[in-house]
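So the structure is just underneath, and the comments pick up after that.
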Amino acid sequence: MLQDSTILVTGGTGSFGNKFIPLTLERYNPKKIIVFSRDEMKQWEMAKLFEGDDRLRFFIGDVRDRDRLYRALDGVDYVVHAAATKIVPTAEYNPFECIKTNINGAMNLIDAAIDKRVKGVVALSTDKASSPINLYGASKLASDKLFVAGNSYAGGHETKFSVVRYGNVMGSRGSVIPFFMSIKDKGVLPITDPRMTRFMISLEQGVELVWHAFEDMVGGEIYVKKIPSMKMTDLARVVAPEASQEIVGIRPGEKLHEQMISAEDSYFTYEYPEHFKILPNINNWGTSRERIKDGNKVPEGFIYASDNNSTWMTDEELQTWIDRNYNEIGKI
């Protein structure tokens with residue numbers, strides 16, 4: 001599907017884009033990948049990494065700017081929407097800015113994609129969008145709803161919209177692993193709560209989920225990757241076994257455990273070998289055999305959360321991942 005196509009990635013210089021772009025170039029050999037983002041320095045640094053590859057284009061722009069999106073989407077076949085304000089405390093203290101990017105930006109992209117006859121859009125979501133307690137999660141839940149409903153909003157146009165949802169991306173900029181690694185020599189690691197758990201996913205797994213969504217989607221599905229959980233105290237012990245741990249309390253808007261599928265979602269959720277699929281509960285899409293395919297309905301009241309997960313990452317698995325990715329941790 002992506003082979004010989006033109007793909008645009010919003011927020012393309014972020015952690016996801018830095019992994020999605022080289023892997024997609026290698027696997028699918030697209031005609032063109034357009035990196036759409038607002039940071040000229042990050043674009044300049046990325047361009048140096050792909051110097052001489054004429055399949056890459058760089059487009060300065062912001063998803064808040066509707067007109068700029070229309071120009072950028074000219075001739076585009078597929079879009080991956082990765083642009084977001086995503087740091088929880090930042091969103092709590094700058095709520096207007098969070099809304100402008102995460103909700104208004106989603107609306108702008110939906111309108112532009114339909115009018116420019118884009119074939120498919122996959123939007124990146126987060127575990128924080130399930131039963132949200134912070135503004136970032138609430139804004140991403142609203143964004144998810146917008147992209148799902150975009151399939152009706154498209155009217156007679158053929159543009160399809162779907163969403164992928166996953167948890168903490170291991171080693172990405174600003175995440176807990178590089179943070180702990182940067183301060184481990186101080187001998188003390190801050191732990192918000194000794195009970196805290198998080199989902200763990202690699203960027204490669206996130207990319208593969210997006211690829212699958214493009215291949216599988218009919219429109220309106222939310223794809224949830226099956227991934228392991230880990231306690232933050234265990235993660236800290238693996239990163240810095242000699243350091244002590246200091247309990248500092250939960251930050252504004254932070255959850256004790258993360259959730260990707262709520263009990264309310266369970267009525268329209270189906271299970272597959274490597275993922276779950278939440279179907280829309282509008283337009284009878286939740287009972288659409290075309291969308292369900294070979295999935296099995298989850299039990300009523302099913303919840304997929306980081307504390308009730310059936311799969312847990314071991315110390316050895318985390319250490320192996322750190323050893324294998326040491327030079328890239330925190331850089332993308």
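Worth a mention:
- Cα-based convex hull, the chain, per residue volume (Å³, whole number): 133
- Reachable aspartates and glutamates, given that their alpha-carbon falls under 19 Å from the alpha-carbon of residue 48 and they are not under 8 places away in the same chain: 26, 39, 40, 328
- Residues 186, 297, ranked from the fewest to the most other C-beta atoms within 10 Å, line up as 186, 297.
- Over 26 Å (Cα to Cα) - which of 186/226; 86/226; 140/255; 32/128 fall in this group: 186/226; 32/128
- Rg followed by Dmax, in Å, when region 1-43 is reduced to its Cα trace: 10.2, 32
- Partners of residue 31 within straight-line reach, counting lysines whose Cα lies under 19 Å from its Cα and excluding those fewer than 8 residues away in the same chain: 19, 116, 119.
- Cβ-based exposure ranking for 291, 324, in which fewest neighbours within 10 Å come first: 324, 291
- Rg in Å to one decimal, and Dmax rounded to a whole Å, for region 205-268 via C-alpha atoms: 17.2, 50
- Considering only alpha-carbon pairs that sit under 8 angstrom and 6 or more positions apart, the relative contact order computed for region 34-118 is 33 percent.
Since every read-out is calculated from the coordinates, none of them should be taken as a lab result. Model, not experiment: these values are computed from the prediction. Virtual Cβ from ideal backbone geometry, glycine too; neighbours counted across all protein chains shown.
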